[in-house]
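The values are calculated or read from the model by the stated rules, or taken from the named source; none is laboratory data. Predicted model, so just to flag it, every value in this text is computed and none were measured. As a convention, Cβ positions derive from the backbone with ideal geometry for all residues, glycine included, and neighbour counts pool all protein chains shown. Quick note on the areas: whole protein, heavy atoms, side chains included, nothing else; ligands and nucleic acids left out. Shrake-Rupley method; radii C 1.70, N 1.55, O 1.52, S 1.80 Å.
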Amino acid sequence: MRRPVADPDDGRGPQLSRRGLLGALGVGVGALATGAGAPAAAAATGGDTSVWAPTTESFFGEHQAGIATAPQAQIRFVALDLRPGLGREGIVRLMRLLTDDIERLTTGRAALADPTPQLAGDPGRLTVTVGFGHGLLAVGGLLAQAPSWLADGLPAFSNDHLLSRWSGGDLLLQVGGDNPMAVSHAAQVLVTDADTFASVRWAQSGFHRAGSDASAPIGPSGQLTGRNLFGQVDGTVNPVAGTDDFDQVVWVGSHTGGAATPAWLVGGTALVLRRIAMDLRTWGSVDRTAKEEAVGRRLSDGAPLTGGGELTAPDYDAVDSLGFPVIPATSHIRLAHPVDPKERILRRPYSYDDGMASDGSPDAGLLFAAYMADPQAQFVPIQRRLAEADLLNLWTRTIGSALFAVPPGVQQGGIIGQSLLGG
Ligand code: HEM
């Protein structure tokens, strides 16, 4: 619940509150929404552009941030369940509140009634991406507008070991950023503000890799991509943001199939989140050749077993001197590779490490987050093949699963999900 705090800017020095300032200037809330970086800082310091300015990702736009955004170092996924009887009106009020909070937090300003406004000033590319689960549309009386894949849900896969404590949810908040303090703070503020409307179902945290510029090449080998906790280069074959290919794979649009494309979701996407526990101990005892055959790529640099560098296309027809495929039939990349050209997804995986048992065995794995226009056509066939035969399954266990429709981006003065909710 929102706390009754008299001065929302309390603790940030003797400055006029933002609403007060906007009122005094006669400016709408949206007008100062973007560009809280250098120009805003410069204006506040009388034009001195040499001052430090927070790094921000734009909140407003055609699509929500946090999807095409270069992966940040930290992530927090929080799933909420709506309180019974909320109805569409209640959801609209919640979205209005979250939209205002997110707009402020992602531009380095405290939320209204923020209990710790001191933590808001360094957002570190903070993004908050909001997803709607099947339950939100049900509570809002909006099921007639659900895309077919959300109405049906994901099918059960043969190697699922799903736990309800990591699965489902009416509403998702995906909070990403390079500053762990800002990510923690934003998640706390949003969940606290949503408290009258919704309760936390689960929360999962992950990390990508240290460093503030996740788009820069890393490593002495000039390797482009981060690694997962198996030590594999993970994320090589992926659509590239800013290309037509990316737009086709990720955003719902006229190219997406009929029942998968309600008009309100155009410019949005789907998020599939799978929590996959990884048995790091048994993996650690396997020799390098077996590890490389399980995925079909070299551990050292992520190059396919058929040679070249990380970005060289695998040769799936190549055979060894005995006539066996160099990239085994049950290797992860061969099975994950599209059979139908439609079967492509944007992967944005994060590792998780939630501590250790008393015998030292880690509670660790992958938060496999993938975005696509139509999960039924794009994700399900890949996951079916992997569930049946992927060698990596020997060391992995899928223990959580959730599916969300991610509405399009927010326009200034609008709210998240406006095209569905009105308001
Ligand atoms: C713990 C679980 C997983 C691990 C450790 C893992 C690891 C990897 C690695 C190392 C690669 C090769 C490099 C790259 O292209 O990124 C890869 C590729 C890929 N993975 Fe996974 N992965 C996991 C789960 C999944 C799941 C659940 C899916 C989808 C259902 C998936 C889909 C893909 C796809 C589509 C590719 C690219 C295939 C291609 O080359 O066309 N992965 N994965």
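I need a count of the residues in segment 335-368 that are near the ligand (Cβ under 10 Å from one of its atoms) and outside any helix (DSSP H, G or I).
The total comes to 13.
Results for (1) over 19 Å from residue 237 (Cα atoms); (2) surrounded by fewer than 17 Cβ atoms within 10 Å (Cβ to Cβ); (3) more than 14 Å from the chain's Cα centre (by Cα), shown as yes or no for each residue.
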{"position": "355", "(1), (2), (3)": "yes, yes, yes"}
{"position": "361", "(1), (2), (3)": "yes, yes, yes"}
{"position": "369", "(1), (2), (3)": "no, no, no"}
{"position": "402", "(1), (2), (3)": "yes, no, no"}
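Filter segment 60-72 for residues that are open to solvent by less than 10 Å² (accessible area, probe 1.4 Å) and either at pLDDT below 95 or at negative phi (or both) and give the result.
Hits for segment 60-72 are 67, 72.
With the requirement that a residue be among the small types (Gly, Ala, Ser) and more than 10 Å from the ligand (Cβ to nearest atom), what does segment 224-256 give you?
241, 242, 253, 254
Mind checking which residues of segment 369-378 are of a type in the set (A, V, I, L, M) and more than 8 Å from the ligand (Cβ to nearest atom)?
Within segment 369-378, 369, 372, 373, 377 qualify.
In segment 134-143, what residues are without any contact (Cβ under 8 Å) to a residue 60 or more places away in the chain and open to solvent by 30 Å² or more (accessible area, probe 1.4 Å)?
Listed by number, the residues that qualify are 138, 139, 141, 143.
Check 104, 125, 96 and return the single one that is in contact (Cβ under 8 Å) with a residue 40 or more places away in the chain and either open to solvent by 40 Å² or more (accessible area, probe 1.4 Å) or more than 21 Å from the chain's Cα centre (by Cα) (or both).
None of the others qualify; the one that does is 96.
Residue by residue through segment 206-237, note down the ones that are at pLDDT 80 or above and open to solvent by 50 Å² or more (accessible area, probe 1.4 Å).
207, 227, 229, 237 - these are the residues of segment 206-237 that are at pLDDT 80 or above and open to solvent by 50 Å² or more (accessible area, probe 1.4 Å).
Select, from 328, 304, the only residue that is farther than 24 Å from residue 369 by Cα, open to solvent by less than 40 Å² (accessible area, probe 1.4 Å), touching a helix residue (DSSP H, G or I) at 6+ places or on another chain (Cβ under 8 Å) and not acidic (Asp, Glu).
Result of the check over 328, 304: 328.
Give the number of residues within segment 280-310 that are under 25 Å from the mean Cα position of the chain (by Cα) and either more than 10 Å from the ligand (Cβ to nearest atom) or over 18 Å from residue 228 (Cα atoms) (or both).
So the answer is 1.
What pairs can you find where one residue is in segment 379-394 and in contact (Cβ under 8 Å) with a residue 40 or more places away in the chain and more than 9 Å from the ligand (Cβ to nearest atom), the other is assigned to a helix (DSSP H, G or I) and among the aromatic types (Phe, Trp, Tyr), and their Cβ atoms are less than 9 Å apart, with a gap of 6+ or different chains?
394/283
Pull up segment 252-292, narrow it to residues that are open to solvent by 20 Å² or more (accessible area, probe 1.4 Å) and of a type in the set (D, E, K, R), then point me to the one that is farthest from residue 416 (Cα to Cα).
Per the stated criteria, the residue is 287.
Provide a single number: the residues in segment 144-156 that are in contact (Cβ under 8 Å) with a residue 60 or more places away in the chain and either surrounded by fewer than 17 Cβ atoms within 10 Å (Cβ to Cβ) or not in a loop (DSSP other than H, G, I, E, B) (or both).
So the answer is 7.
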